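Student: My questions all concern the structure below.
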Amino acid sequence: MVPGLRDHVEDHWQTHLARRLDNVLTVPPLETDKLSRDARVAALDEVLTSVGGPVVLIAHSAGVMTVAHWARAATPRARRYAWNCPWPP
């Protein structure tokens, strides 16, 4: 899950969905540089690097822009993995 600028909100559809699904990782809230595009992209990349298999990104609001900037800046290997993952597995 890639939240928007408000990060984690207890009573938000993303928070409710994350609780209902198995194997969900959410990009954690930033402690500093909360409006930094580079910091948000780095946080997403760190979470994705920790995943050992295919991923489905669910992004909300500014999180969509974070995903777009991550995809543009990601290494060719990461882009191939993210965009060419067969679905359904």
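Student: Tally up the residues in the range 9-55 that are of a type in the set (A, V, I, L, M) and free of Cβ contacts under 8 Å to residues at least 12 places away in the same chain, please.
Tutor: Of the residues in that region, 4 qualify.
Student: Among the residues of the range 29-49, is there at least one that is within 14 Å of the chain's Cα centre (by Cα) and of a type in the set (Lys, Arg)?
Tutor: Yes, there is a match, as at least one residue in the range 29-49 is within 14 Å of the chain's Cα centre (by Cα) and of a type in the set (Lys, Arg).
Student: Every residue in the range 25-42 that is surrounded by fewer than 15 Cβ atoms within 10 Å (Cβ to Cβ) and of a type outside the set (A, V, I, L, M), please.
Tutor: Selection gives 28, 29, 31, 32, 33, 34, 36, 37, 38.
Student: Condition first: among the hydroxyl-bearing types (Ser, Thr, Tyr) and at pLDDT 90 or above. Can you find one or more residues in the range 33-53 that meet it? Lay out the reasoning, then the answer.
Tutor: So in the range 33-53, the residues among the hydroxyl-bearing types (Ser, Thr, Tyr) come out as 36, 49-50.
Retained after the next criterion (residues that are at pLDDT 90 or above): 36.
Checking the range 33-53: at least one residue is among the hydroxyl-bearing types (Ser, Thr, Tyr) and at pLDDT 90 or above.
Student: Exactly one condition in (1) open to solvent by less than 30 Å² (accessible area, probe 1.4 Å); (2) modelled with pLDDT under 90 is false for residue 22; which is it?
Tutor: Exception for residue 22: condition (1).
The values are calculated or read from the model by the stated rules, or taken from the named source; none is laboratory data. Note that this is a predicted model, so its numbers are computed, not measured. Reconstructed Cβ throughout: ideal geometry from the backbone, glycine too, with neighbour counts over all protein chains shown. For the accessible areas, the whole protein counts, side chains as well, though only heavy atoms, and no ligand, DNA or RNA atoms are used. Shrake-Rupley method; radii C 1.70, N 1.55, O 1.52, S 1.80 Å.
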